[in-house]
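*Asks:* Mind looking over this structure? Questions follow.
The values are calculated or read from the model by the stated rules, or taken from the named source; none is laboratory data. Keep in mind that what you see is a predicted model, and the values were worked out from it rather than measured. Every residue, glycine as well, gets a Cβ built from its backbone with ideal geometry; the counts of neighbours run over all protein chains shown. Surface areas here come from the heavy atoms of the whole protein model, side chains and all, with no ligands, DNA or RNA. Shrake-Rupley method; radii C 1.70, N 1.55, O 1.52, S 1.80 Å.
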Amino acid sequence: MASLCTFLIFFLPFIVSQAKPPPNQNHTVSFSFPLTSLRFSPDIKAPTLNPSLVSVSKRQPWRRPPKSSSYNFKTTFKYSMALIVALPIGTPPQTQHMVLDTGSQLSWIQCHKKAPRKPPPTASFDPSLSSSFSVVPCNHPLCKPRIPDFTLPTSCDQNRLCHYSYFYADGTLAEGNLVREKFTFSRSQSTPPLILGCATDTSEDKGILGMNLGRFSFASQSRISKFSYCVPTRRTQPGVSPTGSFYLGENPNSRWFRYINILVFPQSRTMPNMDPFAYTLPMQGIRIGAKKLAISAHVFRPDAGGSGQTMIDSGSEFTYLVDEAYNKVREEVVRLVGPRLKKGYVYGEVADICFDGNPIEIGRSIGDMAFEFEKGVEITVDKHRILADVGGGVHCLGIGRSNMLGIASNIIGNFHQQNLWVEFDLANRRVGFGKADCSRTA
């Protein structure tokens, strides 16, 4: 696709506190934040099942990141269906709420308009209050690259500033100007000025913390070597949001993690359905109970056009599968609990493995589900949390058809990452997993 197609999803807040650096590291800092999960604003029409800011447009191939920095930072978060961090940005810092999204590149914040038509969001960023803020002019090489960058469509606005526009799958728009600004973690610890979006026209007052492999992502620009998060088990009690954790830098739990390599495709420039900036994993199969489903491993690998790519995404709530895989999953679930299916019901126009009735009993009848990868690594979803409450007494398997979103990829969403450490080791091109009680990791 020639235009950038992305999909909105989650929001989680952070709170910062400085901790003592590890004894074997110099000039490092650790931070702790709460990460909160929120639902979309009522005026957003997209279903809560939406995937994150996953782009399906052509991109430049990923290159090894430059030498990493020594940031070492920890946060906690509240989780229900989206991950939102509250980060200190600017000098002096202003707290900004941003979606933690491994499926998107550009980070952007909601900026305060000087003469708004309506009062700005209370959490909006005021550039006039920051001494480290600067704008990117439209004649800057970042705005007018020699080779057009379809991952970040830019143009000149009437003030000769670099303007960007992002259209989302639900029809909403986020646009503004490219700027440079610091993330200021403490008086002595901050990032260099990073390229960010300063959005003034968007229906959401939350920004995005883009963490994919693209050159404009926070992860790439800040040159962190690794980051990780632990999503706690979702709870349905009103007002209850369990707390998880997020690290930038070393995670003390990583000694127990099992790793798989991130797949890299040098020829991705010629693969129209490929996202080379996504964290592409070598998935091999799916198991329900003790039965491995009859799905060829090729279904989870990109073909010559890039279709079939399997990526892991913190910004997507549910998991999405291409038809060959989705149909096999549905077939097995129907075999096990077919009479209990909610006939004729399709959630969010993408998921039809849904039920009325007691979700615990139905889950026990289905059994555990596992996503299998190379080296014997797997993500196991316990039968007691295999179904997601989508409201109205209905529970769904938490898996949708990716082709209904207009994409030809498999996406593992955060619903299937509960009680699991997920580490993105950028320096070694790998992703690690470790089982945990994520509500107790903070």
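*Asks:* Evaluate the following for residue 320: is it in contact with a Pro (Cβ under 7 Å, 6 or more places away or on another chain) and not in a helix (DSSP H, G or I)? Please lay out each step first, then the result.
*Replies:* Numbers: in contact with a Pro (Cβ under 7 Å, 6 or more places away or on another chain): yes; not in a helix (DSSP H, G or I): yes.
Yes, satisfied.
Results for (1) on the phi < 0 side of the Ramachandran plot; (2) of a type in the set (Lys, Arg); (3) modelled with pLDDT under 90; (4) surrounded by fewer than 20 Cβ atoms within 10 Å (Cβ to Cβ), shown as yes or no for each residue.
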position	(1), (2), (3), (4)
70	yes, no, yes, yes
74	yes, yes, yes, no
83	yes, no, yes, no
92	yes, no, no, yes
109	yes, no, no, no
119	yes, no, yes, yes
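*Asks:* So the check is Cβ under 7 Å with 6+ separation or different chains; which pairs have a first residue in the range 282-294 that's under 13 Å from residue 380 (Cα atoms) and a second one that's open to solvent by 50 Å² or more (accessible area, probe 1.4 Å) and modelled with pLDDT of 95 or more?
*Replies:* Listed by first residue and then by second, the contacts come to 285/292; 289/368.
*Asks:* Could you grab me the full set of residues in the range 293-327 that are of a type in the set (Val, Ile, Thr) and either open to solvent by 10 Å² or more (accessible area, probe 1.4 Å) or in contact with a helix residue (DSSP H, G or I) (Cβ under 6 Å, 6 or more places away or on another chain) (or both)?
*Replies:* Initial filter on the range 293-327 (of a type in the set (Val, Ile, Thr)): 295, 299, 310, 312, 319, 322.
Listed by number, the residues that qualify are 295, 299, 310, 319, 322.
*Asks:* Modelled with pLDDT under 90, open to solvent by 40 Å² or more (accessible area, probe 1.4 Å) and not aromatic (Phe, Trp, Tyr): does that describe residue 203? Write out each step before concluding.
*Replies:* On the way: modelled with pLDDT under 90: yes; open to solvent by 40 Å² or more (accessible area, probe 1.4 Å): yes; not aromatic (Phe, Trp, Tyr): yes.
For residue 203, the condition - modelled with pLDDT under 90, open to solvent by 40 Å² or more (accessible area, probe 1.4 Å) and not aromatic (Phe, Trp, Tyr) - is met.
*Asks:* Now, a different point. Could you go through the range 394-402 and let me know if any residue there is under 25 Å from residue 243 (Cα atoms) and at pLDDT below 95.
*Replies:* yes
*Asks:* Taking into account only those residues within the range 218-251 that are at positive phi and open to solvent by 10 Å² or more (accessible area, probe 1.4 Å), which is modelled with the lowest pLDDT?
*Replies:* Among residues in the range 218-251 that are at positive phi and open to solvent by 10 Å² or more (accessible area, probe 1.4 Å), the one modelled with the lowest pLDDT is 239.
*Asks:* Mind checking which residues of the range 388-430 are open to solvent by 20 Å² or more (accessible area, probe 1.4 Å) and more than 20 Å from residue 309 (Cβ to Cβ)?
*Replies:* 389, 390, 391, 392, 393, 395, 419, 427, 428
*Asks:* Something else now. If residue 380 satisfies every condition in (1) among the hydroxyl-bearing types (Ser, Thr, Tyr); (2) under 21 Å from residue 254 (Cβ atoms); (3) surrounded by 20 or more Cβ atoms within 10 Å (Cβ to Cβ) but one, which is the exception?
*Replies:* Just one mismatch for residue 380, condition (3).
*Asks:* Go over the candidates 287, 330, 340 one by one and state the one that is of a type outside the set (A, V, I, L, M, F, W, C), touching a helix residue (DSSP H, G or I) at 6+ places or on another chain (Cβ under 8 Å), under 17 Å from residue 369 (Cβ atoms) and open to solvent by 10 Å² or more (accessible area, probe 1.4 Å).
*Replies:* Details: 287 fails: touching a helix residue (DSSP H, G or I) at 6+ places or on another chain (Cβ under 8 Å); 330 fails: touching a helix residue (DSSP H, G or I) at 6+ places or on another chain (Cβ under 8 Å).
Result of the check over 287, 330, 340: 340.
*Asks:* Going through the range 252-283 one residue at a time, which ones are in a strand (DSSP E or B) and either of a type outside the set (S, T, N, Q) or surrounded by fewer than 21 Cβ atoms within 10 Å (Cβ to Cβ) (or both)? Please lay out each step first, then the result.
*Replies:* Restricting attention to the range 252-283, the residues satisfying the condition of being in a strand (DSSP E or B) are 258-261, 280, 283.
Listed by number, the residues that qualify are 258, 259, 260, 261, 283.
*Asks:* So, in the range 315-364, how many residues would count as being in contact (Cβ under 8 Å) with a residue 12 or more places away in the chain, closer than 14 Å to residue 288 by Cβ and in contact with a strand residue (DSSP E or B) (Cβ under 8 Å, 6 or more places away or on another chain)?
*Replies:* The number of residues fulfilling the criteria is 12.
*Asks:* Also, I was wondering about something else. Check whether at least one residue in the range 351-374 is open to solvent by less than 30 Å² (accessible area, probe 1.4 Å), at pLDDT below 95 and under 30 Å from residue 263 (Cα atoms), and report yes or no.
*Replies:* yes
*Asks:* Can you name every residue in the range 177-189 that is touching a Phe, Trp or Tyr at 6+ places or on another chain (Cβ under 7 Å) and at pLDDT 90 or above?
*Replies:* Within the range 177-189, the first condition is being touching a Phe, Trp or Tyr at 6+ places or on another chain (Cβ under 7 Å), and the residues that meet it are 178-179, 181, 185.
Scanning the range 177-189 gives 178, 179, 181.
*Asks:* On to the next question. Which count do you get for residues in the range 121-140 that are out of contact with any helix residue (DSSP H, G or I) (no Cβ under 8 Å at 6 or more places or on another chain), in a loop (DSSP other than H, G, I, E, B) and at pLDDT 85 or above?
*Replies:* Here the count works out to 9.
*Asks:* Return yes or no: is residue 333 touching a Leu at 6+ places or on another chain (Cβ under 9 Å), of a type in the set (A, V, I, L, M) and at pLDDT 95 or above? I'd like the intermediate steps shown before the answer.
*Replies:* Values: touching a Leu at 6+ places or on another chain (Cβ under 9 Å): yes; of a type in the set (A, V, I, L, M): yes; at pLDDT 95 or above: yes.
So residue 333 fits the description; yes.
*Asks:* I'd like the full set of residues that are in a strand (DSSP E or B), out of contact with any helix residue (DSSP H, G or I) (no Cβ under 7 Å at 6 or more places or on another chain) and over 15 Å from residue 279 (Cα atoms), limited to the range 390-419. Give the steps one after another, and end with the answer.
*Replies:* Residues of the range 390-419 that are in a strand (DSSP E or B), as a first pass: 390-391, 394-396, 399-401, 410-412, 418.
With the extra rule that they be out of contact with any helix residue (DSSP H, G or I) (no Cβ under 7 Å at 6 or more places or on another chain), the set shrinks to 390-391, 394, 396, 400, 412.
Listed by number, the residues that qualify are 390, 391, 394, 396, 400.
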